[in-house]
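First comes the structure, then the notes that go with it.
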Amino acid sequence: MNHFYITTPIYYVNDKPHIGHAYTTILADVIARYRRQTGDHVFFLTGLDEHGQKVQHTAEKSDLTPKQHCDQMAPHFLNLWKQLQIKNDDFIRTTEPRHKVIVQQVLQAVYDAGDIYKGQYEGWYSVSEERFITDKERASGEFRDLQRISETNYYFRMEKYQGRLIEYIEQHPEFILPATRRNEILGKLREPIGDLCISRPKNRLSWGIDVPFDSDFVTYVWFDALLNYISVPGYGSDDRSFQKWWPADCHLIGKDILMTHAIYWPTMLFSAGIPLPKTIFAHGWWLSPKEDDKGLEKMSKSLGNVVNPLDLIDRFGVDSVRYYLMKEMVPGQDAYFSTESFLRRYNGELGNDLGNCIGRIHTLISRNFEGKLPDPSKGTESELDRDLRVAGEKLLTRVANAITELKVNEAIGQTMEYIKSINVYLARTEPWRLLKSEVQSDKDRAAMVLFISAEALRLGIQLLNPVMPQLVESLLPMVGDLCPDYTGISWGRLVPGTKLAPFVIPFPKIEG
């Protein structure tokens, strides 16, 4: 059995979750479900980043302690994940003792290795990014809430590992995906990156994990947060578990936190003597129209254009929302969210292609075979039948390959194309015409066509299970699969004579 470890970023608790959080978590969940469906032993981790200056400031504005603020925010994420049908294996909060002890352990090890030193810094600090920035970065205009700061802190010798990281990335092209992001990081690494400030003095920021070798400082939030990826699977606490799951197969992140994951994180691991994760995959942003309708811009709280996933669920249903988000965005590229595009996918792909296909097959079987899957044994397989079966068998491989390459949208697209081909198959074989014939061989042929159609549709629906798990559970009995088995999917599962569950329109049309 293969082991597969996938993570999302741990989300910052300075505000409630939005569509960006939902997308990354659903994407991880869909990939994890696909892998489980192929028989892999999967560990899926998500959680919350609860330390840092932004959390402290947000709590102060509400007259709360930082911990009180975090305790109030955590249920918003947990409740949303439940409503989105997220099936994660663990949920980490960086305020948990199991995490804090590992952060201090790694800090001490890196310090003992001579890779941490104390120094004076004067320069610009971005409160929104919670990091010091260079003059070049400041000139770009991309950073907000800038402060000029002069203070003593502890520094990690990040630049020491710069050459080694370049060499590693060049030798392991799968380490940073897509290729555009890999090239972006290599570009940054071919300029001086400097060392990383990994502490904050308590007289400026008290909300964090104490630096183990100096109690006057707390740990920089990114040095703390990134270590969740190893603290949860057992680094420093359960060697057997850690050896089982590490290195992680995939860190899913948004492209805005690429540098911290692709430069800070691997250099930290180099220093600590820990293997690097196999892949860091940076997806794009969800965009919305600018107020002047001249172009698109990233959804963000500060711009007031974020979409609340709960509103989408209430209006369209969780499975439809999961489908849209996974189909609409090409992983690695930006995507444009709109109600109009949602309705096109819902009414067209789900309603017309999938829903009508189920309804057509169910109606013909109900009216002509007492609602039971017909016996195909008296028919003779034609070239059309064989083509549909072979295409279904090939689809299994194509979907598996797409998921391995993290191309979830392609896996869904290929599955939906196959479902559309079932409608084409029905149009070409015309079982409704054959059923009107007085010739028994025509009726036998119709029985075979409908059985093959139901089997093909069952295969397609099962492949959509990772995307729409709640809905698929109700769809499969309508085509005769009363006891779905989501592992080891293959052609040939349906049994003649099985009574179909009553048909219920799965995707009622939604008017714009």
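So which of LEU435, LEU482, LEU426, LEU463 is closer than 19 Å to CYS357 by Cα and touching a strand residue (DSSP E or B) at 6+ places or on another chain (Cβ under 9 Å)?
LEU482
Can you name every residue in the range 481-498 that is surrounded by fewer than 16 Cβ atoms within 10 Å (Cβ to Cβ) and at pLDDT 95 or above?
Hits for the range 481-498 are VAL495, PRO496, GLY497.
Let me spell it out: the conditions are (1) surrounded by fewer than 17 Cβ atoms within 10 Å (Cβ to Cβ); (2) touching a helix residue (DSSP H, G or I) at 6+ places or on another chain (Cβ under 8 Å); (3) basic (Lys, Arg), and LYS327 meets all of them except one. Which number is the exception?
Status for LYS327: all satisfied but (1).
Residue check, GLU381 against (1) free of Cβ contacts under 8 Å to residues at least 60 places away in the same chain; (2) not in a helix (DSSP H, G or I), all met but one. Which one?
(1)
Among the listed residues GLN120, GLN104, GLN108, which satisfies the condition of being surrounded by 15 or more Cβ atoms within 10 Å (Cβ to Cβ) and on the phi < 0 side of the Ramachandran plot?
Selected residue: GLN104, the only one of GLN120, GLN104, GLN108 that is surrounded by 15 or more Cβ atoms within 10 Å (Cβ to Cβ) and on the phi < 0 side of the Ramachandran plot.
On the basis of being at pLDDT 95 or above, acidic (Asp, Glu) and in contact with a helix residue (DSSP H, G or I) (Cβ under 6 Å, 6 or more places away or on another chain), does ASP385 make the cut?
Answer is yes for this residue.
In the range 120-136, is there at least one residue being in a helix (DSSP H, G or I) and in contact (Cβ under 8 Å) with a residue 40 or more places away in the chain?
No, because not a single residue in the range 120-136 is in a helix (DSSP H, G or I) and in contact (Cβ under 8 Å) with a residue 40 or more places away in the chain.
Quick check on the range 336-365: of everything there that is of a type in the set (A, V, I, L, M) and crowded, with 19+ Cβ neighbours inside 10 Å, which residue is nearest to ILE19 (Cα to Cα)?
LEU350
Considering only the range 225-245, I want to know if a residue exists there that is more than 30 Å from the chain's Cα centre (by Cα) and either surrounded by fewer than 16 Cβ atoms within 10 Å (Cβ to Cβ) or of a type in the set (Asp, Glu) (or both).
In the first step, residues of the range 225-245 are kept if they are more than 30 Å from the chain's Cα centre (by Cα); the result is none.
No, the range 225-245 contains no residue that is more than 30 Å from the chain's Cα centre (by Cα) and either surrounded by fewer than 16 Cβ atoms within 10 Å (Cβ to Cβ) or of a type in the set (Asp, Glu) (or both).
Is it the case that the range 168-184 has a residue that's part of a strand (DSSP E or B) and exposed (fewer than 11 other Cβ atoms within 10 Å of the Cβ)?
The initial filter retains those residues of the range 168-184 that are part of a strand (DSSP E or B), namely 176-177.
Filter once more, keeping what is exposed (fewer than 11 other Cβ atoms within 10 Å of the Cβ): none.
The answer is no; no qualifying residue exists.
Assess whether GLU417 counts as being at pLDDT below 95 and out of contact with any Ser or Thr (no Cβ under 9 Å at 6 or more places or on another chain).
no
Within the range 53-77, how many residues turn out to be over 11 Å from VAL13 (Cα atoms) and surrounded by fewer than 18 Cβ atoms within 10 Å (Cβ to Cβ)? Outline the logic, then answer.
Filtering the range 53-77 down to residues over 11 Å from VAL13 (Cα atoms) leaves 53, 57, 60-65, 68.
From what's left, surrounded by fewer than 18 Cβ atoms within 10 Å (Cβ to Cβ): 57, 60-65, 68.
Looking only at that region, the number is 8.
Restricting the first residue to the range 422-447 and requiring it to be of a type in the set (Phe, Trp, Tyr), which pairs with a second residue that is part of a helix (DSSP H, G or I) meet a Cβ separation below 6 Å and a spacing of at least six or different chains?
TYR425/LEU388
If only one of GLU511, GLU473 is acidic (Asp, Glu) and farther than 25 Å from ILE403 by Cα, which one is it?
So the residue among GLU511, GLU473 that is acidic (Asp, Glu) and farther than 25 Å from ILE403 by Cα is GLU511.
Scanning for something exposed (fewer than 15 other Cβ atoms within 10 Å of the Cβ) and modelled with pLDDT of 95 or more, does the range 123-130 turn up at least one residue?
For the range 123-130, residues exposed (fewer than 15 other Cβ atoms within 10 Å of the Cβ) and modelled with pLDDT of 95 or more: absent.
Name the single residue that is surrounded by the most Cβ atoms within 10 Å (Cβ to Cβ) among those in the range 452-480 being under 22 Å from GLN85 (Cα atoms) and charged (D, E, K, R).
ARG458
The values are calculated or read from the model by the stated rules, or taken from the named source; none is laboratory data. Small disclaimer: the values here were computed from a predicted structure and weren't measured. Here Cβ is always computed from backbone atoms with ideal geometry, including for glycine, and neighbour counts include all displayed protein chains.
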